[in-house]
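In what follows, a single structure is set out as structure tokens and then discussed.
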Amino acid sequence: MRTDNVVRVEAINALLANLGEVDTERFICMIKRDTFDYTEWRRGLFKDKTIHEIYSMATEHEKKKAANQ
């Protein structure tokens, strides 16, 4: 298992790669001041989706990701 610090560094690098420096900083500020509950958000994320729909979404995401590499 990776350490918290390794996960933190990888997360920041992913944000920087996808959002850039300014929007990464904005995102971090939003997270710090927000009472965002990840667990509650996650519970509702795929609430109305079937397992087959989720699988199709994941498969499509992987195809797009592979095409962009």
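Putting +1 on Lys and Arg Cβ atoms and -1 on Asp and Glu Cβ atoms, find which of 55, 36, 5 reaches farthest to the positive end of the dipole of the chain.
Result: 55.
For helix 51-67, what angle does its Cα long axis make with the longest principal axis of the chain, in degrees from 0 to 90 and rounded to 10?
Approximately 60 degrees, to the nearest ten.
Rounded to the nearest 500, what is the 222 nm mean residue ellipticity of the chain from helices alone, with -39500 (n - 2.57) per DSSP H run of 4+ residues and division by all residues?
The per-residue figure over the chain is -27000 deg cm²/dmol.
Counting only protein heavy atoms and a 1.4 Å probe, tell me what percentage of the chain's accessible area is made up of carbon and sulfur.
Carbon and sulfur atoms account for 56 percent of the accessible area of the chain.
Counting other Cβ atoms within 10 Å of each Cβ, which trypsin sites (Lys or Arg not before Pro) in the chain have at most 14 and sit in a DSSP loop?
2, 47, 49
In Å², what does the accessible area per residue of the chain work out to with a 1.4 Å probe?
Working: 6600 Å² over 69 residues.
Here the residues of the chain average 96 Å² of exposed surface.
The values are calculated or read from the model by the stated rules, or taken from the named source; none is laboratory data. The shown structure was predicted, so the numbers you read here are calculated from the model rather than taken from an experiment. Here Cβ is always computed from backbone atoms with ideal geometry, including for glycine, and neighbour counts include all displayed protein chains. These accessible areas exclude ligands, DNA and RNA; they are computed on the full protein's heavy atoms, side chains included. Shrake-Rupley method; radii C 1.70, N 1.55, O 1.52, S 1.80 Å.
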